[in-house]
Each structure stands twice: as structure tokens, then as C-alpha cells.
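This report refers to the structure that appears directly beneath it.
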Amino acid sequence: MADTVASIASMIIDKLLANPKVPRDITGESKIVEDLAFDSLAVMNFVMEIEDELDVSVPLDKLADIRTINDLAACLASLKAGTAS
Amino acid sequence: MTDIFAKYAGLKTAAAGLTAHSPRNPFGVVIDHPVSATVGLIEGRETLLFGTNNYLGLSQSTAAAEAAIGTVRREGVGTTGSRIANGTYALHRKLETRLAEVLRRRHCMIFSTGYQANLGAISALAGKDDVLLLDADSHASIYDASRLGYAQVIRFRHNDPADLDRRLSRLKDHQGAKLIVVEGIYSMTGNVAPMREFAEVKKKHGAYLLADEAHSFGVLGENGRGLAERDGCEDDVDFVVGTFSKSLGTVGGYCASNLDGLELIRLCSRPYMFTASLPPEIIAATLAALDEMIARPELRTQLYANAKQLNHGLHALGLKTSAHVSPVVAVTLDNVEQALAFWNRLLELGVYVNLSLPPATPDEHPLLRCSVMAVHTPEEIDRALGIFAQVKKDVLG
């Protein structure tokens, strides 16, 4: 099954909700740093978990442009499809 | 006008919170002056130093001091120039040649700090079409190097060759060069890299391997060349980076390699080219300290014995420390409040260690980072352990 942005976003949200400290009302538009109170290290460590799930590696420079869960999902989807620039 | 400091509002609050609960700023400690390698005067009290990275005690080497004094009288206090202009003296070349001999590498270039050695070597080695693979717990200088260069940067799980292998497999069609960066001993935790396993992974994928031996040079290996020497895989480490500001007690850094291309890095590494070179007296002191390190292998034996005494002692007190013996010992505490109280009390009773708070620590826990020296006496270590026991009782109950 192809990984779509929506399916990846949903998987990310499920993973985030497994952490009791994450607010319960997060959506694809939630901002990872501001709304989830993740510091830079926590973001990098969380992305590592998702990378394993999807078998991709997200280059660190791409993380700089990511603000919301949907941004992360879109980045992962393009890497997975091999279309990331 | 936009307040240029507005973005640091969160930092300001966090810093104010720290000092509100602490009688002193943990990041503003002043050592009035060192009394010896192991004792410094802090707040008027003689304090045992257990957080200096001065592993062999050579910051107080008489030979190094004499070499510096003689050189400063002869050559002055600074070079006022870059290595590619007026900042290369015969002494700079002499130290590069001597280090290359000691490290058994054909080429060596020295930088003005250890930070700049990583910054300058890594950012120049990994170019636009290349991939840098960094251990997740890499030092800030390695992360900053990755931002200064133009390579794609991929992070792998700390000390996990299998994870590195997976990530390199994903890059099998990538045409650029791949440079893996690991450290010998990790500065915050004292963890030691599985260097030989990393070397196997790099060979399998045709990548290059750079080892930052900042905390392991002078510490590991029969001759003190670091972890790669200890693990018998120096030929598989393409670039070795290190610093003079730990085991050699001065300041500066180096990158050494058998690859002739390293000499080209002198012409394109911005942190090498666009900064003043090390002052001649520092070079002279470093040469003398290097000779002392080589002439006194017993310092390494004593360092290991001292590390064992401190590691086992802290462990016996029921403090959370790593099981393996390393000259860097991290005591993990549950929260920042506890760590702050523990650190302050240690200092008041006469022991200085480093306080490390997240996100500068590998997880969300604060650390009391202790480093031991070859020149600590068993009595000094016992005294420090006694103070740790007292503080544990006072703070943790």
C-alpha cells in the first residue's frame, strides 16, 4: 500500500499520542515545537522512530523546514516515493 | 523596532528559573586560580576538581610551562595571522610533523581549537553531493560542522552500527562520498564507541570513517593514540580528529590522515583559513606535553585505576552511573531541581563537577558529569566519594 501524506500523518499522530505528555487534541496542523513543546533534540529523536517505521532517512536540513505534523508527513511521503529534492 | 532578543524569551525564563533555585549560576563558576591540577580555588575554598577533562594533569606540566615561557620570550605572544598568511611559524609545522609521527599518519593539520578541528575538517571533507552520517549523540562541533558544509546530513542511533548499516543501505544508489563521524569516548556519558564494528560497516558500504578522539587521545590504547589503537582498527579510520585541550592540557585541535587529499583541506577549510593560528607558546607547550604523554605511559595506567575507583565508588553509593569504567562518569538524576541542589551542595562541600542539563544531555535527564585525572590521588578520590555520599543523603534522602 502506498504511503500517503494522510496515512503517514495519522501514523505520526498515533505514535505521538502514545506519549502521555503530548496534548490529546493534536491534529495534522499542530506545530511540533510550539504545540507539542518538543525541543530540537526531542524532534530529532521522534523523527528517528518514524524513519524506522517507514524505512527512510530524513536529512537534517529537511527538518529545518518542517513546522507541522502534516509538513513532516509530506516530507516523509516524498522521501518514501523517492521524489525528495 | 523588533526586539532582537525576543526569540530568547523562553531561554530567559528558563535561566531565571535556574538561578531562582540556585545560590549561584551553575554556568558562571569562576575558578579564582588552580592550586594544582586537581585542586582549584573556588569562592575562596580549595575545591577538588572533578570536571576538567584534564585527564593526565598536563595543564600543570612544568616542562610545558617552561617550553611556553622560553618561546614567549623568544617569539612573542601571538602570530596575529592565519595559517595561510603570516600565521605559520616553524613551530606549527614542527607540531604537525610530530603529531603525524605519533599518530602514525602521513598528514596532520592543526587548528586553533578542537571545536574548529571538527568544524574545519568535516565541513570541508563532506561537500554538496556527499552524505554525512552522524552518531545521534555527536558533540555540538560535529553538528555545527554539518551546518557549515553543504552535505546531506543523516543521523544514526547512538553507538548502533546496525542502524548505521541500515541507513547506508538506503543510500546504496547515492553517487556522492559518504563520511561517517563517530567519537571515541562520548563527552557527556563516557560511552565508548564500538569502533571496530563501525569500521566493518564503513568497509561494507565503501564509506569514509572519521573518528573524533578528543576524549580518548592520551587515554585509550597502549600508546595513547585513542580508541582505534585500542581496538586495533586504525587502518580503517580514514581521518582522526582530536584536541590539545584535554589530555595535553593546552588548547587547539588536529586532523590527521594517510590520505594525501588532506593537504587540499588547508586551501578550502574556512575555520582553518579565516582565523588566527595558535600562539607560538601554546604550540611549544603542546609539543612538550605530547613528549611527556609519550614518556610517561604510567599516567594512562593510573588514569584507568582512578577511573575504576571513582566509577565503582559512585556505583556503590547507589547513584545511577554507567556500568563500564571510563574517565568520564555521568551520574544521572531524575530532574533538574534535584540535579541543581546536588551540584550546589557538592560545590559547597568542596567538589567541582560539571552540571549538564537537557537538551545538552542525550535524554531528558540531567547529568552530573565527573571526569577523573591520572594525578588524582586515591585519597582525593575517596574524599570526593565521601562528599558524594553526604550530598546524596542531604539531597536525595
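The values are calculated or read from the model by the stated rules, or taken from the named source; none is laboratory data. As the structure is a computational prediction, the values presented were derived from the model and not from experiment. Every residue, glycine as well, gets a Cβ built from its backbone with ideal geometry; the counts of neighbours run over all protein chains shown.
Annotations for the structure displayed:
- Members of the range B:94-112 that are out of contact with any helix residue (DSSP H, G or I) (no Cβ under 9 Å at 6 or more places or on another chain) and either acidic (Asp, Glu) or surrounded by 14 or more Cβ atoms within 10 Å (Cβ to Cβ) (or both): B:Glu96, B:Ala100, B:Glu101
- Residues of the range B:276-302 that turn out to be buried (at least 17 other Cβ atoms within 10 Å of the Cβ) and either basic (Lys, Arg) or in contact with a His (Cβ under 9 Å, 6 or more places away or on another chain) (or both), as a count: 6
- Among the residues of the range B:144-158, those identified as more than 8 Å from chain A (Cβ to nearest Cβ) and surrounded by fewer than 24 Cβ atoms within 10 Å (Cβ to Cβ) are B:Asp144, B:Arg147, B:Leu148, B:Gly149, B:Tyr150, B:His158.
- Matching residues in the range A:24-75 - criterion: being exposed (fewer than 13 other Cβ atoms within 10 Å of the Cβ) and either more than 12 Å from chain B (Cβ to nearest Cβ) or in contact with a strand residue (DSSP E or B) (Cβ under 7 Å, 6 or more places away or on another chain) (or both): A:Arg24, A:Asp25, A:Thr27, A:Glu29, A:Asp65
- Considering the range B:180-208, and only residues there that are among the aromatic types (Phe, Trp, Tyr) and in contact with an Asp or Glu (Cβ under 8 Å, 6 or more places away or on another chain), the residue that is surrounded by the fewest Cβ atoms within 10 Å (Cβ to Cβ) turns out to be B:Tyr208.
- Restricting the search to helices (runs of 4 or more DSSP H) fully inside the range B:293-397 and requiring at least 2 residues that are closer than 28 Å to B:Gly44 by Cα, free of Cβ contacts under 8 Å to residues at least 24 places away in the same chain and away from every other protein chain (no Cβ under 14 Å) gives B:378-391.
- The listed residues are B:Gly78, B:Gly120, B:Gly87, and the only one of them that is under 30 Å from B:His205 (Cα atoms) and at pLDDT 95 or above turns out to be B:Gly120.
- Here B:Ala228, B:Ala140, B:Ala211, B:Ala177 are screened, and the one residue that is within 17 Å of B:Ala121 (Cβ to Cβ), surrounded by fewer than 22 Cβ atoms within 10 Å (Cβ to Cβ) and away from chain A (no Cβ under 14 Å) is B:Ala177.
- Extreme residue, nearest to the chain's Cα centre (by Cα), among residues of the range B:143-188 that are closer than 27 Å to B:Val219 by Cα and in a loop (DSSP other than H, G, I, E, B): B:Ser187
- Among residues of the range A:18-30 that are within 16 Å of A:Val43 (Cβ to Cβ), none has a Cβ under 9 angstrom from a residue that is loosely packed, with under 11 Cβ neighbours inside 10 Å at a sequence gap of 6+ or on a separate chain.
- Positions within the range A:14-39 being farther than 11 Å from A:Thr68 by Cα and under 13 Å from the mean Cα position of the chain (by Cα), in sequence order: A:Asp14, A:Lys15, A:Leu16, A:Leu17, A:Phe38
- The residues listed here are B:Ala360, B:Ala307, B:Ala330; of these, the one that is in the same structural domain as B:Thr38 (by TED's automatic domain parsing), surrounded by fewer than 16 Cβ atoms within 10 Å (Cβ to Cβ) and aliphatic (A, V, I, L, M) is B:Ala360.
- Members of the range B:159-170 found to be modelled with pLDDT of 95 or more and within 11 Å of chain A (Cβ to nearest Cβ), listed by number: B:Asp160, B:Asp163, B:Leu164, B:Arg166, B:Arg167, B:Leu168, B:Ser169
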